[in-house]
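In what follows, a single structure is set out as structure tokens and then discussed.
The values are calculated or read from the model by the stated rules, or taken from the named source; none is laboratory data. For clarity, every value in this text was computed on a predicted model and none was experimentally measured. A quick note on method: Cβ atoms are made from the backbone with ideal geometry, for glycine too, and the neighbour counts reach across all protein chains shown. With ligands, DNA and RNA removed, areas are computed over all heavy atoms of the protein, side chains included. Shrake-Rupley method; radii C 1.70, N 1.55, O 1.52, S 1.80 Å.
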Amino acid sequence: MRSDLCSGTLPARKHLPAAWAGTPLLDVVVPVHNEEEDLRPCVRRLHEHLTRTFPYAFRITIADNASTDGTPAVATDLARRIEEVRSVRLERKGRGRALRTVWSASDAPVLAYMDVDLSTDLNALLPLVAPLISGHSDLAIGSRLSRGARVVRGAKREVISRGYNLILRGSLQARFSDAQCGFKAIRRDVAQVLLPLVEDSGWFFDTELLVLAERAGLRIHEVPVDWVDDPDSTVHIVRTATEDLKGVWRVGRALATGALPLDRLARPFGDDPRDRELADVPRGLARQLVGFCAVGALSTVFYLLLYSAFRAVTGAQLANGLALLVSAVANTAANRRLTFRVRGRGGMVRHQAQGLVVLAIGLALTSGSLAALDTASSDPARSTELAVLVAANLAATVLRFLLFRVWVFPDRGQARTGDTDARQAGVTPARTATGHGATAHAPGPPGASSATQAAPPRRGAASAASAAPPGQAAPWTASEAGPAPRPVTPTITPARPPLPSRPAPQADDDPRITR
């Protein structure tokens with residue numbers, strides 16, 4: 001898939017408006033499985049912290065994935081008693097499945113999640129989501145391994161965590177420091193495009209999401225956190241590690257074969273005047289020149305090594321032809337992927353065939369140079385042969401770049417008449433109307449007036465589409481087959497019991513004390 005055909009799928013990041021009409025700006029998901037004892041204090045503490053410190057409207061979503069104890073009843077009771085809390089019930093187990101389902105159905109522009117044990121200090125929550133709200137980053141993660149983090153845990157988990165992240169760096173070239181910390185956030189526009197590419201539904205979900213985002217060029221913000229290990233954690237370390245290693249192999253193979261269309265996540269730059277397109281300047285020319293020169297330098301070294309090896313057993317002309325053939329195939333493949341950003345297998349055979357035509361031109365130049373050298377000297381030195389071939393290859397390289405850019409991998413980005421034409425005509429693209437500079441009003445219930453829908457929400461209030469009826473929780477059931485349906489407001493609503501009195505705001509308890 002060509003990047004120039006798919007660029008701009010994600011709109012430019014912009015600061016989210018402070019008054020987000022009718023919708024919570026932040027949706028914090030707490031995935032749980034058989035956590036009836038920890039769920040209530042976790043949600044109450046999280047709600048108190050957000051009420052006291054978070055300056056935007058928020059929602060807390062309890063994602064119960066196939067609990068068999070009293071967790072569903074506790075979640076329903078919390079959703080009934082606390083206005084900003086809702087509960088979601090899934091019939092199949094899997095943290096990744098729960099996050100995918102809730103995030104896919106959420107209407108909040110910033111989506112986050114945290115583990116129910118609250119091992120991570122909640123004071124890191126606002127620094128986690130602030131770069132997403134401001135438009136600086138696409139994803140944000142809490143890191144226990146970055147400088148400034150403070151971690152209390154046993155040696156076994158420390159070794160496993162650091163070993164796993166070393167595997168990610170060595171096999172998938174991951175640059176983020178901590179893939180497994182249960183404290184992450186993502187912008188909804190990014191999640192809508194990225195989630196369909198993530199296959200895992202268990203514990204590897206986080207890692208796969210981050211690797212794909214990083215490979216697509218999205219910005220990941222890291223926040224050093226204070227983290228205290230939960231000694232009562234029910235995570236099976238060996239089984240989880242085995243599944244993670246299988247996921248690393250699967251994702252690595254998909255990235256190596258180009259099976260993932262990551263170019264659909266291309267995002268334009270911001271509003272800096274230096275990022276705007278300039279007239280009469282070819283798009284991406286500087287980046288392509290740098291990439292082509294790097295690939296060309298490596299290809300030349302590879303060609304010379306091959307020529308020297310073949311020349312030891314055959315004549316100059318045959319050695320040149322064989323070395324040029326092998327290096328040209330590798331050069332075309334490298335330029336296809338790295339310089340011109342063509343992903344997937346579509347058009348691969350045609351590109352290689354066109355590359356062989358370019359090879360024939362290069363062969364004519366280099367072979368002609370060797371013929372001229374033989375005419376000038378009957379027995380030229382090996383160093384002279386190599387010097388002539390280097391000069392001929394430089395000339396062939398310039399011609400190869402021009403043919404690659406104009407003929408083999410032409411820039412068809414100008415053929416698109418979508419967002420660029422709309423911006424030139426003074427029309428804002430429709431996709432930027434949700435959380436990217438335009439005021440987007442959440443749809444209200446049938447029969448609601450426009451004045452009611454446009455009214456700014458009370459801080460912490462949930463949207464009309466997802467709010468629970470008075471006196472009743474707002475649970476809904478979801479399956480893996482597709483996004484979960486939104487709760488439907490019944491015709492008859494019972495009176496809502498009075499909310500319990502809220503204690504005076506106090507500082508968050510230290511997890512090392514509460515645990």
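Determine whether Ser369 is open to solvent by less than 70 Å² (accessible area, probe 1.4 Å) and on the phi < 0 side of the Ramachandran plot. It is true that Ser369 is open to solvent by less than 70 Å² (accessible area, probe 1.4 Å) and on the phi < 0 side of the Ramachandran plot. Filtering the stretch 349-356 for residues that are buried (at least 18 other Cβ atoms within 10 Å of the Cβ), farther than 13 Å from Val408 by Cβ and at pLDDT 85 or above leaves an empty set. Among the residues of this structure, Ala73 does not count as one that is within 24 Å of the chain's Cα centre (by Cα), without any contact (Cβ under 8 Å) to a residue 60 or more places away in the chain and surrounded by fewer than 20 Cβ atoms within 10 Å (Cβ to Cβ).
Of all residues in the stretch 128-164, those satisfying the criterion of being closer than 27 Å to Lys246 by Cβ, out of contact with any Leu (no Cβ under 8 Å at 6 or more places or on another chain) and basic (Lys, Arg) are Arg144, Arg153, Lys156, Arg157. Of the numbered criteria (1) closer than 25 Å to Lys93 by Cβ; (2) in contact with an Asp or Glu (Cβ under 9 Å, 6 or more places away or on another chain); (3) in contact (Cβ under 8 Å) with a residue 40 or more places away in the chain, the one Ala185 fails is (2).
Yes or no, residue by residue, for (1) modelled with pLDDT of 95 or more; (2) within 18 Å of the chain's Cα centre (by Cα):
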residue	(1), (2)
Thr61	yes, no
Ala66	no, no
Glu83	no, no
Leu90	no, no
Trp103	yes, yes
Val110	yes, yes
Asp115	no, no
Ser119	no, no
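Would you check if Ala216 is at pLDDT 75 or above, small (Gly, Ala, Ser) and in contact with a helix residue (DSSP H, G or I) (Cβ under 6 Å, 6 or more places away or on another chain)? Here the answer is yes, as Ala216 does meet what is asked.
Listed by first and then second residue, the pairs linking a residue in the stretch 153-177 that is farther than 15 Å from Val248 by Cβ to a residue that is in a helix (DSSP H, G or I) and open to solvent by less than 80 Å² (accessible area, probe 1.4 Å), with Cβ atoms under 8 Å apart and 6 or more places separating them unless they lie on different chains, are Lys156/Ile237; Arg157/Ile237; Arg175/Glu214; Ser177/Asn165.
Consider the stretch 80-92 and keep the residues that are assigned to a loop (DSSP other than H, G, I, E, B) and closer than 24 Å to Asp200 by Cβ. The one that is least open to solvent (accessible area, probe 1.4 Å) is Glu91.
In the list Leu172, Leu210, Leu166, which residue meets the criterion of being of a type outside the set (Lys, Arg) and under 18 Å from Ala98 (Cα atoms)? That would be Leu210, the only listed residue that is of a type outside the set (Lys, Arg) and under 18 Å from Ala98 (Cα atoms).
Restricting attention to the stretch 93-114, and to residues there that are in a loop (DSSP other than H, G, I, E, B) and in contact with a helix residue (DSSP H, G or I) (Cβ under 9 Å, 6 or more places away or on another chain), which single residue is most open to solvent (accessible area, probe 1.4 Å)? Looking at residues that are in a loop (DSSP other than H, G, I, E, B) and in contact with a helix residue (DSSP H, G or I) (Cβ under 9 Å, 6 or more places away or on another chain), I get Asp107. Scanning the stretch 284-310 for residues that are in contact (Cβ under 8 Å) with a residue 60 or more places away in the chain, touching a helix residue (DSSP H, G or I) at 6+ places or on another chain (Cβ under 6 Å) and of a type outside the set (Ser, Thr, Tyr) returns Gln288, Phe292, Gly296. Can we say Arg336 is more than 22 Å from Leu389 (Cβ to Cβ), among the charged types (D, E, K, R) and open to solvent by less than 60 Å² (accessible area, probe 1.4 Å)? Taking the combined requirement at face value, the residue satisfies it. Any residue in the stretch 325-350 that is on the phi < 0 side of the Ramachandran plot sitting within a Cβ distance under 7 Å of a residue that is among the polar types (S, T, N, Q)? List the pairs, counting only those 6 or more apart or interchain. Hits for this filter: Ser327/Ser299; Val329/Gln352; Ala330/Ser299; Asn331/Ser299; Thr332/Gln352; Thr339/Gln288; Phe340/Gln288.
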